1. With contacts defined as alpha carbon pairs under 8 Å and 6 or more residues apart, what's the relative contact order of region 201-277 in percent?
2. Heavy atoms of the protein only, probe of 1.4 Å, neighbouring chains included. What is the accessible area of GLU359 in Å², nearest 10?
3. Just report the Cα centroid separation between region 87-128 and region 458-481, whole Å.
4. With a 1.4 Å probe and every protein chain kept in, tell me what percent of the accessible surface of the chain is carbon plus sulfur.
5. How high is the relative contact order of the chain, in percent, counting Cα pairs under 8 Å that sit 6 or more residues apart?
6. Roughly how compact is region 161-288, stated as its Cα Rg over 2.2 N^0.38 Å to two decimals?
7. What whole-number volume per residue, in cubic angstrom, does the convex hull of the C-alpha atoms of region 382-488 give?
8. If one computes the Cα centroid of region 353-395 and of region 189-212, what distance in Å separates the two points?
Amino acid sequence: MAGEIKTAETFVEKPKTLAALQEEIASGSVKASDLASSYYDRIAAVNPHLNIYLSLTKDRAMAQAERVDAMAVKGDPLPPLAGVPVGIKDVLVMKGAPATAGSRILEGYHPPYDATAVARLEAAGAVLLGKLNCDEFAMGSSNENSGYGPVRNPVDPERVPGGSSGGSAAAVAANMAVATLGTDTGGSIRQPASFCGVVGVLPTYGRVSRYGLIAFASSLDRVGPFAGNVRDAAALLSVIAGRDEKDATSSPAPVPDFATQSDKPAEGLRIGVPGEYFAEGLDPEVRAAIEKGIDALKAAGCAVKRVSLPHTKYAIPTYYLVATAEASANLARFDGVRYGYRSKASETLGSMYRHSRDEAFGAEVKRRILLGTYALSAGYYDAYYGKAQQVRRLLAEEFLRAFADVDAIVTPTSPVPAFKLGEKTGDPLSMYLADIYTVTASLAGICGVSVPCGNTSAGLPVGMQVLAAHFNEGTAFRVARAIEAAQL
Ligand code: GLN
């Protein structure tokens with residue numbers, strides 16, 4: 001019963017590993033349908049406290065679980081995620097299920113198709129439990145911009161889970177799914193993973209199809225997994241990655257078995273530590289935790305050296321120009337005609353557009369549409385959007401130069417641990433500035449992982465960000481495994 005949960009600690013629960021679940025389901029000691037039911041029970045008990053799921057897809061989940069059970073009974077070979085309960089960020093569409101993107105403007109919209117990443121999870125045997133809360137159109141760093149109320153952090157419900165994929169991170173931290181999908185445009189997988197103490201993966205741009213993703217900033221948006229441990233996150237990435245004819249930006253690069261790649265020890269890898277990520281504004285306890293992580297990498301046989309990424313200081317304005325410009329174009333389609341919400345206060349077509357958008361978009365989304373429209377407008381385009389694209393190129397080149405000398409770069413994922421609900425809502429600029437360590441990799445298109453790296457004295461999780469060059473996810477996973485093994 002919902003009301004019975006009283007202490008914060010009871011919300012944190014580690015999901016079983018994929019290996020343990022595979023074993024149980026294949027041997028018949030656990031039925032996929034019973035497992036799915038037990039997850040729905042947990043969701044019913046915990047969701048009223050944390051507001052993680054926006055909608056459940058129970059019929060579809062139970063039908064899939066029964067298919068898996070039938071295969072197990074027959075002794076058929078089981079697919080890699082057979083019976084694994086997963087949750088989906090509500091910016092990815094599932095046929096017939098509500099898709100809100102955390103926005104009131106999409107209320108009542110039921111898309112007629114599945115996102116490719118979602119379809120691939122299900123084809124691999126996963127049981128899709130439902131849709132997860134997030135910041136409106138994935139714009140935010142705290143989940144407080146959701147049109148359906150904030151998600152609370154399972155570690156401390158007075159604190160934010162991070163954003164925009166807060167529901168996806170919190171669901172894994174609270175064992176309301178074994179793994180989840182999120183999206184990352186400027187940090188939205190890595191930062192909530194770090195705030196909730198779970199693993200989150202930023203795949204290389206193009207690695208995972210964006211088909212069926214409700215777009216925020218198309219040149220930056222990526223779909224990626226969350227899990228309770230690095231190996232399982234790696235396994236999920238192998239399932240969802242790879243060329244998709246429905247997304248022209250998806251890469252034909254072959255998809256390795258990332259879980260097996262992650263098994264290779266990190267010994268001998270060259271690790272870069274950029275001074276620019278350990279400067280002013282970094283919480284001393286976060287710094288101390290990351291320094292311990294770096295020591296653990298040395299102990300694991302990695303060669304650690306300083307690298308320099310001097311354009312880092314331009315990354316926030318560059319990101320908030322590119323992202324808002326693309327958002328202003330992408331969000332033009334929500335006009336009250338084709339999807340979801342339509343204002344009743346409309347006499348003409350023009351006033352219907354205006355009222356629908358005014359009534360249903362939240363304040364942050366409106367702020368970004370205004371900023372982005374301004375940055376793209378005639379007379380300002382060269383000074384803002386054009387200049388941002390040039391700086392973006394410099395940031396990407398700087399990373400490539402660094403990766404000529406090192407195999408991976410490690411940094412804090414966020415300068416601060418999870419903050420209190422309401423603490424930053426009055427100051428959007430301070431919220432933007434806290435994205436400083438994540439937006440750089442987003443602009444450069446490279447890949448990374450956020451892996452738990454100890455806690456603050458108050459018990460708040462700290463995440464280490466491990467970055468690697470394009471299509472080098474396997475290397476990032478190896479380094480993350482070494483951090484995980486150190487049990488900091
Ligand atoms: N916090 C960043 C923003 O608000 C990143 C969001 C994201 O990655 N979707 O834009």
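The values are calculated or read from the model by the stated rules, or taken from the named source; none is laboratory data. Since we're looking at a predicted model, the values are computed, not measured. Reconstructed Cβ throughout: ideal geometry from the backbone, glycine too, with neighbour counts over all protein chains shown. Ligands, DNA and RNA are excluded from the accessible area calculation, which covers all protein heavy atoms including side chains. Shrake-Rupley method; radii C 1.70, N 1.55, O 1.52, S 1.80 Å.
1. It rounds to 31 percent for region 201-277.
2. Answer for GLU359: close to 90 Å² accessible.
3. One Cα centre to the other: 27 Å.
4. That fraction is 55 percent.
5. Value for the chain: 17 percent.
6. It is 1.12.
7. Each residue corresponds to 107 Å³ of Cα convex hull volume.
8. About 24 Å separates the Cα centre of region 353-395 from the one of region 189-212.
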